[in-house]
Amino acid sequence: MRLLQLCPNDHPPFAQITARYADALADLGHDVVTVFVGPAQAEPVAGAVYLNVTKAADAPDALRRWLVSEPGNGDFTAMIAHRYRAMRTALAVQWGRPILCIAHEFGLARSLRRQLWLRLFARHVRFAAVSAPVQQELASHLKRHVLELPNAVDVAEYQSGLLSREQARAELGLAADEFAVGVVGRLHWKKQPAVALAAYKKAREDNWRLIFVGDGDERSVLDVGASEQADVRFEGYRTDAQTLYRAFDRVLLASNDHEAFSMVALEAGLAGVPIVSTPAPGPMHVLQASAAFASDASPDALALALKAEPIAPDVNDLAERFDVSALSARLHAILKPIPVNERT
């Protein structure tokens with residue numbers, strides 16, 4: 001097949017997610033073109049097409065123009081649409097081929113208005129979800145079968161790029177005797193970085209350090225809470241964040257119940273670093289027994305989990321479930337039955 005992979009933007013973690021989909025589909029012998037609706041956030045993804053649209057309403061026209069701009073641009077067998085907006089864009093241009101829509105978050109069909117629209121205009125779109133909790137929620141709203149299609153990592157490539165503990169700690173300026181707690185990823189309301197900071201304050205001891213690796217809307221609020229703490233540092237957004245996990249004695253996840261997956265949980269687990277997490281559905285689905293889960297999402301509960309004995313992640317189990325080869329197998333089972341002439 002020649003497949004079009006459409007995604008609203010390449011913001012983390014979608015540059016990585018779409019790259020792994022391209023790898024998995026290429027392993028199956030498919031030709032894949034990745035198209036991002038929005039402009040590149042930083043360095044463009046190699047080989048991807050950017051429509052450079054900044055307003056969602058302009059996306060269908062931009063996609064339509066690209067599809068007819070050169071011979072062969074529209075010659076696709078099927079589309080993989082990441083998130084609701086990509087699917088809407090495809091249907092708005094009267095895409096007449098099969099669509100597989102991937103739900104990366106809760107709520108894709110939660111509103112009655114969306115449910116009605118999907119039943120009227122997306123009857124032949126196939127849906128998949130990145131985790132079992134999202135799958136169950138979406139199936140309950142759509143009243144139809146939803147596939148499970150988790151995000152993936154090229155485990156061998158990822159692990160080969162990890163810095164050693166000594167190298168990573170040197171990169172972050174950590175002394176050998178410091179106990180380092182890492183909060184990695186976007187400073188976003190779903191990640192609850194303020195809760196992570198509050199939990200750390202309750203649990204910390206004299207030689208502890210809290211390192212935030214990432215940036216986002218919650219940064220200014222955290223600066224107020226941490227401005228006078230010499231043991232709290234903000235590294236900001238780093239392109240090498242994936243290489244640094246082994247610098248930490250614990251990776252702390254304070255996500256709320258809106259967290260549908262958790263690439264940070266997967267990456268930290270594959271790095272072999274003990275993880276402390278809230279009982280959010282995404283991290284629990286990814287890590288299962290491979291983390292210390294707090295009894296609830298409060299700072300007090302997270303602080304207790306931080307002070308408890310660490311739980312070593314099951315690296316082999318995570319690699320088996322989330323390697324790009326597992327994604328290839330799932331996609332093979334999903335795409336094989338799609339006839340070339342099936343209409344949406």
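The values are calculated or read from the model by the stated rules, or taken from the named source; none is laboratory data. What you see is a predicted model, and the numbers here were worked out from it, not measured in a lab. Don't worry about glycine lacking a Cβ; one is built from the backbone with ideal geometry, like all the others, and counts go over all protein chains shown.
From (1) out of contact with any helix residue (DSSP H, G or I) (no Cβ under 7 Å at 6 or more places or on another chain); (2) surrounded by 24 or more Cβ atoms within 10 Å (Cβ to Cβ), pick out the condition that doesn't hold for Ala241.
Unmet condition: (2).
So, Leu327, is that one under 30 Å from His124 (Cα atoms), modelled with pLDDT of 95 or more and out of contact with any Gly (no Cβ under 9 Å at 6 or more places or on another chain) or not?
yes
Are any of the residues in the range 304-316 under 30 Å from Gln94 (Cα atoms), outside any loop (DSSP other than H, G, I, E, B), of a type outside the set (Asp, Glu) and touching a strand residue (DSSP E or B) at 6+ places or on another chain (Cβ under 7 Å)?
no
Just to check your reading of the model, which residue among Val33, Val68, Val53 is under 27 Å from His332 (Cα atoms), β-branched (Val, Ile, Thr) and in the same structural domain as Val93 (by TED's automatic domain parsing)?
The match here is Val33.
Kindly list the number of the only condition in (1) outside the structural domain of Gly272 (by TED's automatic domain parsing); (2) modelled with pLDDT of 95 or more that fails for Leu306.
(1)
State which residue is surrounded by the most Cβ atoms within 10 Å (Cβ to Cβ) when the search covers only the range 106-165 and only residues that are in a strand (DSSP E or B) and not β-branched (Val, Ile, Thr).
Applying the filter and picking the extreme gives Ala129.
Report, by residue number, each residue of the range 1-16 that is in contact with a helix residue (DSSP H, G or I) (Cβ under 8 Å, 6 or more places away or on another chain) and either of a type in the set (A, V, I, L, M) or part of a helix (DSSP H, G or I) (or both).
Passing the criteria: Met1, Leu3, Leu6, Gln16.
I need the full set of residues from the range 34-73 which are assigned to a loop (DSSP other than H, G, I, E, B), free of Cβ contacts under 8 Å to residues at least 40 places away in the same chain and among the β-branched types (Val, Ile, Thr), in order please.
Hits for the range 34-73 are Val45, Val53, Thr54.
For the structure I just gave you, tell me whether Gly236 is within 29 Å of Arg83 (Cα to Cα) and modelled with pLDDT under 95.
Criteria met by Gly236.
So Ala170 passes all but one of these: (1) out of contact with any His (no Cβ under 6 Å at 6 or more places or on another chain); (2) closer than 30 Å to Ser295 by Cβ. Which condition number does it fail?
Only one criterion in (1) out of contact with any His (no Cβ under 6 Å at 6 or more places or on another chain); (2) closer than 30 Å to Ser295 by Cβ is unmet by Ala170, namely (2).
Those residues that are over 21 Å from the mean Cα position of the chain (by Cα) and among the charged types (D, E, K, R), I need them from the range 179-225; list them, please.
Lys201, Lys202, Arg204, Glu205, Asp206, Arg209, Asp223
Restricting attention to the range 57-88, which residues are within 21 Å of the chain's Cα centre (by Cα) and farther than 17 Å from Ile17 by Cβ?
Matches in the range 57-88: Arg88 only.
Of the residues Ala103, Ala81, Ala176, which single one is in contact (Cβ under 8 Å) with a residue 24 or more places away in the chain and farther than 22 Å from Glu267 by Cα?
Going through Ala103, Ala81, Ala176 in turn, the sole match is Ala81.
State which residue is surrounded by the most Cβ atoms within 10 Å (Cβ to Cβ) when the search covers only the range 17-33 and only residues that are of a type outside the set (Asp, Glu) and not in a helix (DSSP H, G or I).
The residue in question is Val32.
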